[in-house]
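Report on one structure; see the data block that follows.
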Amino acid sequence: MLRQTEFGPAGAGIAALRLDPSNLPIRFEAADGGADDGQRTIDLLADRVVIRRTSAGARMKLQVLVSSYRGVAVRVGDGATEGSDRVEVVLIHADPSLNVPLFSAEDADDVVAEWQLWAKVFALPMMTVEMDGSLREAFPRMGAVLIGTPGPRRRRHSTVKARRPMALMRRKPGGDLSGREIHREREIIARS
């Protein structure tokens with residue numbers, strides 16, 4: 001039996017949506033314009049997303065692997081009151097009907113923390129939705145590795161290059177054996 005957390009409906013007209021990624025699996029409802037009742041049920045698991053909805057009287061259940069999603073995106077939309085903006089964190093798929101809302105709020109206080117947390121949980125890139133609707137990765141990457149400025153080169157001709165490594169600094173250096181008394185014993189052999 002799966003552990004599930006129930007949440008109320010999410011989407012337009014709802015003040016806030018906050019899901020906890022440490023409590024996966026999670027079940028919640030979200031707005032869906034293509035569904036008969038305007039709602040769909042979403043199950044978030046660590047490796048897949050299950051979307052349930054009814055369309056034209058037919059019940060559907062879609063299972064989509066998390067790895068098939070493009071990334072975790074942050075976007076700004078119109079808020080419930082005029083002049084306010086809604087900030088959302090969304091799991092983005094190539095098919096917009098499979099997008100999953102993860103976080104939604106009227107203020108942008110916790111959006112960066114939520115965005116980073118969901119991207120880390122699903123191991124997906126962090127993306128932003130531009131004003132024209134296009135997607136852009138937040139940070140340049142090469143495959144799964146973030147690209148950044150390289151660190152400074154090691155100096156090969158520095159004054160400390162000949163020092164002993166730290167592991168050897170804990171040991172006492174060996175001394176000269178000349179002048180020390182060496183104790184030798186005769187070999188004892190037992191004969192019957």
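If you filter the stretch 1-19 down to residues that are farther than 18 Å from Ile92 by Cα, of a type outside the set (Lys, Arg) and in a loop (DSSP other than H, G, I, E, B), you find that the one that is modelled with the lowest pLDDT is Met1.
As a summary of the residue check, Gly34 satisfies the conditions (1) open to solvent by 50 Å² or more (accessible area, probe 1.4 Å); (2) at pLDDT below 85; (3) touching a helix residue (DSSP H, G or I) at 6+ places or on another chain (Cβ under 8 Å) except for the one numbered (1).
The values are calculated or read from the model by the stated rules, or taken from the named source; none is laboratory data. If you're wondering where the values come from, they're calculated on a predicted model, not measured in any experiment. In this analysis, Cβ positions are derived from the backbone assuming ideal geometry, glycine residues included, and neighbour counts consider all displayed protein chains. Ligands, DNA and RNA are excluded from the accessible area calculation, which covers all protein heavy atoms including side chains. Shrake-Rupley method; radii C 1.70, N 1.55, O 1.52, S 1.80 Å.
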